[in-house]
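K.L.:
The structure is given below, and queries will be raised subsequently.
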Amino acid sequence: MQYRQLGSSDLQVSEISLGSWLTYGVGVDRDQAVACVDKAFDLGINFVDTANVYGRGAAESFLGDVLPSRPRDSYVLATKLFFPMNDTDRGLSRAQVEKQLDASLKRLRTDMIDLYQCHRYDEHTPLEETTEALTRAVQSGKVRYIGFSEWPADKIRAAIDMVGVEKFVSSQPQYSLLWREPEDEVIPLCAANGIGQIVWSPLAQGVLTGKYRPGAPPPSGTRATSEEMGGFISRLMAPDILEAVQRLEPVAAEAGLSLAQFALAWVLREPNVSSAIVGASRPEQLEGNAAASGAKVDPALFARAEEIVAAARR
């Protein structure tokens, strides 16, 4: 496993990180989830990402059960806030930052979160109020660094220009061969201002593994067949996308990689990407994905892959 610095922080994070969206605490059997966490550590994965809203606290509670037995300095723990936890608790107000942070710390059974992220931008709260609350969270020792997820470029610029507040060190956008929008504005802006990318869905909800075949039903036990996990994958199951993905397989083979490893290596080719978050319902999935770290791929193969998926992306 290779490691990269996360933005302007002093955090060294594994190129492949373990996510918990739609999986731990909700979509995956507990014993399997524990086995996945154990395998992640065995592989050198040191970055674990979650959020308060995942399973309405269930993912954080699961990690709070399994992580404290390990040395606290052996992993980088990240969580988020913004989305509704109930009918009244949501957003990035001062009160919510304080309330949700304390609730996350309690569920995670820790006294400090390495990276606390704004899950989306809050149009109903002044940016100054949010950043001041996050600054106090860092000053209190409850949080080491702060980040954001899926913020538009103008809001990122506004945060960068603020003075007297804690600076963001990370951005968490969706980014993959099938979703390249962050390249337009977000990545260049962040790269110039000490903000590293922690990308989610680098395998496009599993579509970039090649396991979904055009015209065929999804294999049993996959995310597309799961009532808990399948709701977000439907837009990626279009026949033209699935056909393009199948054409990527020989390109990946030429690189000596599985399709999933190739897709992860493509994301990691971008210097501003610090880590690619993967979800796993089985330990062997992590083993395969981790092998993408440090992979050397001819840029011409990446260019060929980009050409193949360009039409499907449009």
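K.L.:
Just to check your reading of the model, which residue among Ser74, Ser93, Ser104 is exposed (fewer than 14 other Cβ atoms within 10 Å of the Cβ) and polar (S, T, N, Q)? Before you say what the answer is, go through the steps one by one.
P.N.:
Details: Ser93 fails: exposed (fewer than 14 other Cβ atoms within 10 Å of the Cβ); Ser104 fails: exposed (fewer than 14 other Cβ atoms within 10 Å of the Cβ).
Answer to the check: Ser74.
This table checks each residue for (1) part of a helix (DSSP H, G or I); (2) among the hydrophobic types (A, V, I, L, M, F, W, C).
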| residue | (1), (2) |
| --- | --- |
| Val28 | no, yes |
| Ala35 | yes, yes |
| Ile45 | no, yes |
| Gly57 | yes, no |
| Leu63 | yes, yes |
| Pro68 | no, no |
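K.L.:
Taking Ala33, is it surrounded by 15 or more Cβ atoms within 10 Å (Cβ to Cβ), under 16 Å from the mean Cα position of the chain (by Cα), of a type in the set (Gly, Ala, Ser) and farther than 18 Å from Tyr116 by Cβ?
P.N.:
On the way: surrounded by 15 or more Cβ atoms within 10 Å (Cβ to Cβ): yes; under 16 Å from the mean Cα position of the chain (by Cα): no; of a type in the set (Gly, Ala, Ser): yes; farther than 18 Å from Tyr116 by Cβ: yes.
Considered against the rule, which asks whether it is surrounded by 15 or more Cβ atoms within 10 Å (Cβ to Cβ), under 16 Å from the mean Cα position of the chain (by Cα), of a type in the set (Gly, Ala, Ser) and farther than 18 Å from Tyr116 by Cβ, Ala33 comes out as no.
K.L.:
Same structure again: Please determine, by comparing only the residues of the range 139-159 that are in contact with a strand residue (DSSP E or B) (Cβ under 8 Å, 6 or more places away or on another chain) and open to solvent by less than 30 Å² (accessible area, probe 1.4 Å), which one is nearest to Ala191 (Cα to Cα).
P.N.:
Checked the range 139-159; the qualifying residue nearest to Ala191 (Cα to Cα) is Ile156.
K.L.:
Show the residue pairs meeting these rules: Cβ distance below 7 Å; 6+ apart or different chains; first residue within the range 188-216 and within 18 Å of Ala253 (Cα to Cα); second residue of a type in the set (Val, Ile, Thr) and not in a loop (DSSP other than H, G, I, E, B).
P.N.:
Qualifying pairs under 7 Å: Leu203/Thr209; Leu203/Val278; Val207/Ile241; Val207/Val245; Leu208/Val245; Gly210/Val245.
K.L.:
Quick check: anything in the range 4-20 crowded, with 22+ Cβ neighbours inside 10 Å, assigned to a loop (DSSP other than H, G, I, E, B) and at pLDDT below 95?
P.N.:
Within the range 4-20 (the criterion being crowded, with 22+ Cβ neighbours inside 10 Å, assigned to a loop (DSSP other than H, G, I, E, B) and at pLDDT below 95), the answer is yes, since at least one residue qualifies.
K.L.:
Is the range 269-277 home to any residue that is in a helix (DSSP H, G or I), modelled with pLDDT of 95 or more, surrounded by fewer than 20 Cβ atoms within 10 Å (Cβ to Cβ) and not acidic (Asp, Glu)? Step through it out loud before you land on a result.
P.N.:
Going residue by residue through the range 269-277, those that are in a helix (DSSP H, G or I) are none.
So far as the range 269-277 goes, no, none of its residues is in a helix (DSSP H, G or I), modelled with pLDDT of 95 or more, surrounded by fewer than 20 Cβ atoms within 10 Å (Cβ to Cβ) and not acidic (Asp, Glu).
K.L.:
Quick test for you: out of Leu127, Leu81, pick the one residue that is crowded, with 22+ Cβ neighbours inside 10 Å, on the phi < 0 side of the Ramachandran plot and at pLDDT 95 or above.
P.N.:
Residue meeting the stated conditions: Leu81.
K.L.:
Across the range 170-185, what is the total count of residues that are more than 20 Å from Phe302 (Cα to Cα) and part of a loop (DSSP other than H, G, I, E, B)? Walk me through it before giving the result.
P.N.:
Looking only at the range 170-185, we keep the residues that are more than 20 Å from Phe302 (Cα to Cα), and these are 170-173, 185.
Checking the rest, the ones that are also part of a loop (DSSP other than H, G, I, E, B) come to 172-173, 185.
Counting residues in the range 170-185 that are more than 20 Å from Phe302 (Cα to Cα) and part of a loop (DSSP other than H, G, I, E, B) gives 3.
K.L.:
I'm told Ala238 meets every condition in (1) modelled with pLDDT under 95; (2) surrounded by 16 or more Cβ atoms within 10 Å (Cβ to Cβ) except one. Can you identify the failing condition by its number?
P.N.:
Only one criterion in (1) modelled with pLDDT under 95; (2) surrounded by 16 or more Cβ atoms within 10 Å (Cβ to Cβ) is unmet by Ala238, namely (2).
A quick yes/no check of all residues on (1) aliphatic (A, V, I, L, M); (2) in contact with a Cys (Cβ under 8 Å, 6 or more places away or on another chain); (3) touching a residue at least 12 places away in the same chain (Cβ under 8 Å); (4) farther than 30 Å from Glu129 by Cα:
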{"residue": "Cys36", "(1), (2), (3), (4)": "no, no, yes, yes"}
{"residue": "Lys39", "(1), (2), (3), (4)": "no, no, yes, yes"}
{"residue": "Leu63", "(1), (2), (3), (4)": "yes, no, yes, no"}
{"residue": "Pro71", "(1), (2), (3), (4)": "no, no, no, yes"}
{"residue": "Lys80", "(1), (2), (3), (4)": "no, yes, yes, no"}
{"residue": "Phe83", "(1), (2), (3), (4)": "no, no, yes, no"}
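The values are calculated or read from the model by the stated rules, or taken from the named source; none is laboratory data. None of these values were measured; they are calculated from a predicted model. No Cβ is skipped: glycine too gets one built from the backbone with ideal geometry, and neighbour counts run over all protein chains shown. Surface accessibility is based on the protein's heavy atoms, side chains included, excluding ligands, DNA and RNA. Shrake-Rupley method; radii C 1.70, N 1.55, O 1.52, S 1.80 Å.
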